[in-house]
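A single structure is presented below for examination.
The values are calculated or read from the model by the stated rules, or taken from the named source; none is laboratory data. Note that the structure is predicted; figures quoted are calculated from it, not measured. Cβ placement follows ideal geometry from the backbone for every residue including glycine, while neighbour counts extend to all protein chains displayed.
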Amino acid sequence: MNIANADDVFPIYILADEYKRLTYPDILIRLLIEILDSLPLRRRWLKILFRMRIPTRVHVASLRQLLDMADESDIVEDQQQRSANDARVTVRAEGLGEAAMGALEDTTQGRQSRFRERKIDTLERHLRDYKFAITETIQQWPSKRACVLIDDFYLTPREWHPDVIDYLHRLLRDTELYLKIATIRHRTTLLRNHPHTIGIELSQDVEEINLDRTLEDLEATQDYLGQMLASIGEKAGIDNLLLDFFNPEALQALTLTSGGVPRDFLNIFVNAVDAAVDEGKTRWLTPKYIYKGAGRLAYQTKLRNLREDANGDAEGLDRLLVDLLHFCLKEKRKTAFLISQDDAQQHGREHDLIQQLMDFKLIHVVEPDTSAASGRPGRYEAYTLDFSLFMEPRRRDIEIVEFWKIDENRRRSGIREAPVYSLERAGRVFDDSGRDVNPEMILQEDEELAKRANAQPSNPTQTSLWE
């Protein structure tokens, strides 16, 4: 865990990847320990000198003990009650006075009670104590504000997401310690309604900040990423990076191949520069070298991320991706496809699988609400395959749907004509564990076909951006 000081807000950074193998509630206990143990103390030496109890440290110590206990424990408690009976006898004799005799009977009665104690019950009983300790500690700071950022939260077991987020939300609500969770949207479960509501709701309890841009508004995404790159160039002493080193189509090609993801945008740019320099082309970047740069980043990286981060869904998502590639590139020979909104309502799980492929940047949404041509009724979502799946080397036997172009009716070019992919088909493919698939093999076969086709003279139907 890394902590960085700031002038006005004290940040606490926690990497969830370190706790992804823990079960609940141990994940929550570990997070509580990190949060409480990271809060800086003012005049700590003075409190230690006078043996003053530090609430956050006391709670951390008890939480560490709780962490090593079983999730449920059988507790036996002894209760004892002591009673005493005093008996006295007095004897009088003439001439001898009085003599007294007595006896004291001491009895002890005991009772044992047996009950089951759960870790989560302990955490719930002490939630208010943890909140008070946090508030008291922050009030001693000059800034009186802090932020805890939990990164890669989606790597923790998804079934426990609502429980962890619900507890942290209740703990930090109405304090000056703000909670930020960095995660992948469709790999995260925020709310569970059975048997009762646990978790949080977007736009009611928390606000969502999307760090990636999409291809829905290509112009806005291109402007945003271009400004980011230009700012980096200025810091490196290059005042007109976009004008001097990009030909007119290269920036758009770079935006398309990145899928609107800033990290991929920068990585592809660096790889494209290397590819151009390797061939002695130092005048400026063209789409040709952008696609070579995207090829170096390649789909292999995205497939590796899927397999590392998708946990138990990885094999099923592999099968779904292969089927989508076969559907688009072999059956329909188009790079875009449609999903029926009615289909999405009826097949929620399968629609979520499509969204997960989008989260892993293997497909991209380009229009969330569109109609379809050829008299097909209803409304649709439109997607494109990631450009790394078909652009390097370029396939000449498929139609690249140029969705960013607008026709005379103000409609996206080629979107309404795209084929419809059935979510029922997606579900069958995902569940068919007996199907042996390999996305890399499919794509490598396509690459070899593309290379052989490109070696033959042809009259390409698309130019400009694609050359």
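Can we say residue 292 is part of a helix (DSSP H, G or I) and not assigned by TED's automatic domain parsing to the domain that holds residue 415?
Yes; evaluated as a whole, the condition is true for this residue.
Looking only at segment 383-416, filter to residues that are without any contact (Cβ under 8 Å) to a residue 60 or more places away in the chain and closer than 18 Å to residue 331 by Cα; which one of those is farthest from the chain's Cα centre (by Cα)?
It comes out as 416.
A further question on this structure: Would you confirm, using the coordinates I've provided, whether residue 319 is of a type in the set (Lys, Arg), at pLDDT 90 or above and in contact with a Phe, Trp or Tyr (Cβ under 7 Å, 6 or more places away or on another chain)?
Answer is yes for this residue.
Right, next: Within 20 Å of the chain's Cα centre (by Cα), outside the structural domain of residue 418 (by TED's automatic domain parsing) and not in a loop (DSSP other than H, G, I, E, B), is that true of residue 349?
Taking the combined requirement at face value, the residue does not satisfy it.
Also: Could you tell me which of the residues 22, 28 is modelled with pLDDT of 90 or more, outside any helix (DSSP H, G or I) and in the same structural domain as residue 177 (by TED's automatic domain parsing)?
The conditions single out 22.
If I ask for residues that are of a type in the set (Ser, Thr, Tyr), surrounded by 12 or more Cβ atoms within 10 Å (Cβ to Cβ) and at pLDDT below 95, which ones from segment 405-441 would you list?
Hit for segment 405-441 is 413, nothing else.
If residue 186 satisfies all but one of (1) out of contact with any His (no Cβ under 8 Å at 6 or more places or on another chain); (2) assigned to a loop (DSSP other than H, G, I, E, B); (3) over 29 Å from residue 55 (Cβ atoms); (4) of a type outside the set (Asp, Glu), what's the number of the condition it fails?
Unmet condition: (2).
Any residue that is in contact with a Pro (Cβ under 8 Å, 6 or more places away or on another chain), assigned to a helix (DSSP H, G or I) and aliphatic (A, V, I, L, M) - is there at least one of those in segment 236-256?
So far as segment 236-256 goes, yes, one or more of its residues are in contact with a Pro (Cβ under 8 Å, 6 or more places away or on another chain), assigned to a helix (DSSP H, G or I) and aliphatic (A, V, I, L, M).
When you scan segment 137-178, how many residues do you find that are among the hydroxyl-bearing types (Ser, Thr, Tyr) and within 22 Å of residue 312 (Cα to Cα)?
Of the residues in that region, 2 qualify.
Of the residues that make up segment 116-124, is at least one under 28 Å from the mean Cα position of the chain (by Cα) and loosely packed, with under 15 Cβ neighbours inside 10 Å?
Looking for residues that are under 28 Å from the mean Cα position of the chain (by Cα) and loosely packed, with under 15 Cβ neighbours inside 10 Å, one finds at least one in segment 116-124, hence yes.
A further question follows. At least 3 residues that are modelled with pLDDT under 95 in each: list the strands (runs of 3 or more DSSP E) lying fully within segment 58-154 that qualify.
Correct list: 72-93, 97-118.
Follow-up question, since we're still on this one. Tell me yes or no: at least one residue of segment 303-319 is under 18 Å from residue 215 (Cα atoms), outside the structural domain of residue 267 (by TED's automatic domain parsing), touching a residue at least 60 places away in the same chain (Cβ under 8 Å) and buried (at least 18 other Cβ atoms within 10 Å of the Cβ).
no
Here's a check for you: in segment 181-200, which residue that is hydroxyl-bearing (Ser, Thr, Tyr) and touching a residue at least 12 places away in the same chain (Cβ under 8 Å) is surrounded by the most Cβ atoms within 10 Å (Cβ to Cβ)?
183
In addition: Of the numbered conditions (1) crowded, with 21+ Cβ neighbours inside 10 Å; (2) in contact with a strand residue (DSSP E or B) (Cβ under 9 Å, 6 or more places away or on another chain); (3) modelled with pLDDT of 90 or more, residue 255 fails exactly one; give the number of that condition.
Condition (2) is where residue 255 drops out.
Given the conditions (1) crowded, with 16+ Cβ neighbours inside 10 Å; (2) small (Gly, Ala, Ser); (3) not in a helix (DSSP H, G or I), report the number of the one that residue 275 does not fulfil.
Answer for residue 275: the failing condition is (3).
What number goes with the only condition from (1) in a helix (DSSP H, G or I); (2) outside the structural domain of residue 390 (by TED's automatic domain parsing) that residue 283 does not pass?
Residue 283 satisfies all of (1) in a helix (DSSP H, G or I); (2) outside the structural domain of residue 390 (by TED's automatic domain parsing) except (1).
So, one more: Which condition breaks for residue 337 when tested against (1) assigned to a helix (DSSP H, G or I); (2) assigned by TED's automatic domain parsing to the domain that holds residue 437?
(1)
Would you confirm whether any residue within segment 354-370 is over 26 Å from the mean Cα position of the chain (by Cα) and in contact (Cβ under 8 Å) with a residue 12 or more places away in the chain?
yes
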